[in-house]
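Contents: one structure, followed by commentary.
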Amino acid sequence: MGDSKKYITAEGLKKHNKREDVWISVQGKVYNVTDWIKQHPGGDIPILNLAGQEATDAFIAFHPGTAWKHLDNFFTGYYLQDYEVSEVSRDYRKLCVDFAKAGLFEKKGHGVMYSFCFIAFLLFLTFYGVLFSNSFLIHMLSGALLGLTWMQISYLGHDSGHYLIMTTKGFNKMVQIMSGNCLTGISIAWWKWTHNAHHVACNSLDYDPDLQHLPVFAVSSSLFKSLNSTFYGRELTFDSLAKFFVSYQHFTFYPIICVSRVNLFVQTLLLLFSKRKVPDRFLNILGIIVFWTWFPLLVLSLPNWTERVLFVLTSFAVTGIQHVQFCLNHFAADVYVGQPKGNDWFEKQTAGTIDIDCSPKMDWFFGGLQFQLEHHLFPRLPRCQLRKISPIVQELCKKHNLSYRSLSFFEANRWTIRTLRTAAMQARGMLWEAVNTHG
């Protein structure tokens, strides 16, 4: 008997890449997920970025085994013609299966409990120092401790956004709102929206929001072409103001990062009060109100405005170390322009990430995200497992002649500043050319 299956070509699949007509392929079976993107827990952006493509590796990376049974509800009856699996993808999928069989995705250790206790201890010291001491130095130390607290809370919120750190989804959501909105003032809804897009489109200049910082920063001269951001739905305009700022970005990087938390507050408010559909909007807004109640009251408890301003700046500067870390993980890595492709998932993650080499004693400080490549390849893997799998990932990269970059914190900073300086010099040349042309 002949093959009775219905097939669609890769070119035919590409035609189904619009919001009103979204098809994807997973393991060669084609699914119509047009209606599902409205309900997708990870948001619509990750699916739309891979619409009309083979997306097996991305699906495996982000979904537990229990998600597979739901795919049949969207099966179109078509199979992808000439479906093939590359050697890299085959090895990657095997690793996913091996890790699942070993229970690594479920073995979270006691890290969550330790984090809760550590965060509670830091908050206690912060409030005690502000409320029960008259010492200027103690007040500034309390500001530093608050910054460190925000770093640790962010890691906990990050973990809860990728996998269940609590016993139920309800408790997990509660931790997300508490850790993100109530304690840091940054909406978990905003984080999910941007972070999921970043994971799927790692280091795409026009698809990854984590590289779209004009007019302040530009990691590549490709951004000088005023690319269109598919994430924000607007042009990333590289005008005279952007040329000026970017021309000096290697000098302004650290000072701006020290106050970059203000931008996160603004981005949170812009999303929560936008017309865009926001999951749990009321809870997110309520959490933000909680933050903007306790944080100003804490600051106003200080004796004068000099201490209040310095306290806020100190807390922002300390938590800025974390923002620097995230920049180190990607700014100096390879970038590209265009839609992410589902058939080179592993390759794109290796090219777009840089690990930070540190002692196991410092894992708590970096939140496990110093293993950035490992996290991008296995985002559902608890942070306590990332160091264990690192040698395995290194071997796989070596086998397929792919990048695996692991730098010291100092060296990663040097690479990042060098990348920013290279783009700055190119922008400065354009700036002076414009000045000379127009007098």
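A few remarks follow.
- Candidate set from region 399-431 (those that are crowded, with 19+ Cβ neighbours inside 10 Å and of a type in the set (Gly, Ala, Ser)); member that is farthest from the chain's Cα centre (by Cα): 427
- Residues in region 300-319 that are surrounded by fewer than 18 Cβ atoms within 10 Å (Cβ to Cβ) and assigned to a loop (DSSP other than H, G, I, E, B): 301, 303, 304.
- Residue tally, condition within 17 Å of residue 220 (Cα to Cα) and assigned to a loop (DSSP other than H, G, I, E, B), over region 242-282: 1
- Subset tally (residues that are over 18 Å from residue 352 (Cα atoms), in contact (Cβ under 8 Å) with a residue 24 or more places away in the chain and not hydrophobic (A, V, I, L, M, F, W, C)) for region 203-236: 2
- Considering the conditions (1) among the β-branched types (Val, Ile, Thr); (2) open to solvent by less than 60 Å² (accessible area, probe 1.4 Å); (3) closer than 30 Å to residue 418 by Cα, residue 285 is excluded by exactly one of them, (3).
- Counting only helices (runs of 4 or more DSSP H) that fall entirely inside region 130-212 and contain at least 3 residues that are of a type in the set (Gly, Ala, Ser) and modelled with pLDDT under 95, the qualifying elements are 136-162.
- Exclusive hit being closer than 19 Å to residue 270 by Cβ and buried (at least 21 other Cβ atoms within 10 Å of the Cβ), set 214, 223, 205: 214
- Given (1) closer than 24 Å to residue 175 by Cβ; (2) in a helix (DSSP H, G or I); (3) of a type outside the set (Gly, Ala, Ser); (4) over 22 Å from the mean Cα position of the chain (by Cα), index of the condition residue 98 fails: (1)
- For region 106-129, taking the residues that are in a loop (DSSP other than H, G, I, E, B) and free of Cβ contacts under 8 Å to residues at least 24 places away in the same chain, the one that is surrounded by the fewest Cβ atoms within 10 Å (Cβ to Cβ) is identified as 110.
- Where strands (runs of 3 or more DSSP E) sit wholly within region 14-95, those with at least 1 residues that are among the hydroxyl-bearing types (Ser, Thr, Tyr) and open to solvent by less than 30 Å² (accessible area, probe 1.4 Å) occupy 21-26, 29-32.
- Scanning region 216-241 for residues that are within 23 Å of residue 198 (Cα to Cα), small (Gly, Ala, Ser) and in a helix (DSSP H, G or I) yields a count of 2.
- Restricting attention to region 333-363, the residues being of a type in the set (A, V, I, L, M, F, W, C), open to solvent by 20 Å² or more (accessible area, probe 1.4 Å), farther than 22 Å from residue 87 by Cα and in contact (Cβ under 8 Å) with a residue 60 or more places away in the chain number 2.
The values are calculated or read from the model by the stated rules, or taken from the named source; none is laboratory data. Please read these numbers as outputs of a predicted model, since none were measured by experiment. Cβ atoms come from the backbone with ideal geometry, glycine included; neighbour counts cover every protein chain shown. Remember, those area values only see protein heavy atoms, side chains included, never the ligands or the DNA or RNA. Shrake-Rupley method; radii C 1.70, N 1.55, O 1.52, S 1.80 Å.
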